[in-house]
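Below is one structure; the comments refer to it alone.
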Amino acid sequence: MVPLTSVFAEKARNDALALEAESRALEADARSQEMESRRASLRATMKGLELALPSADESTKVAREAFDAIETRAKGGLARELEVESARLTLIRAQTTAASLRVRADAARARLAWLGG
């Protein structure tokens, strides 16, 4: 005959193991959901950046054309140096914006690849 205490102890041990397994499964599910949420966020970020790039490229092109035109006018004495410097600054800002968008898109792509997405 088995003592009653060992039956209760065995049941308690089995219950604890079952609860631990359930807890681990829930934790794994939460991690999985978190990773999918991160992947979705990165995909959305990449999409937004990729949609912004053509506009940034067009702005850079227009800023370059404006700078070149003002620089040509300045060489002919028809524009002041202040106008040239203002156009140069606008061009630099446009170039910086486009480059920044590319770097951010590349970084998001790399993070997404690292996350397996």
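Bear in mind these aren't lab numbers, they're just calculated from the coordinates by the rules spelled out. Quantities reported herein were computed from a predicted structural model and do not represent experimental measurements. Every residue, glycine among them, receives a Cβ derived from its backbone with ideal geometry; neighbour counts consider all protein chains shown.
So, Ala56, is that one of a type in the set (A, V, I, L, M), within 32 Å of the chain's Cα centre (by Cα) and surrounded by 12 or more Cβ atoms within 10 Å (Cβ to Cβ) or not?
Numbers: of a type in the set (A, V, I, L, M): yes; within 32 Å of the chain's Cα centre (by Cα): yes; surrounded by 12 or more Cβ atoms within 10 Å (Cβ to Cβ): yes.
It is true that Ala56 is of a type in the set (A, V, I, L, M), within 32 Å of the chain's Cα centre (by Cα) and surrounded by 12 or more Cβ atoms within 10 Å (Cβ to Cβ).
On the basis of being buried (at least 16 other Cβ atoms within 10 Å of the Cβ) and in contact (Cβ under 8 Å) with a residue 60 or more places away in the chain, does Leu101 make the cut?
Numbers: buried (at least 16 other Cβ atoms within 10 Å of the Cβ): yes; in contact (Cβ under 8 Å) with a residue 60 or more places away in the chain: no.
When the stated conditions are applied, Leu101 does not pass them.
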Breaking point among (1) of a type in the set (Gly, Ala, Ser); (2) outside any helix (DSSP H, G or I); (3) under 30 Å from Ala110 (Cβ atoms), for Gly77
(3)
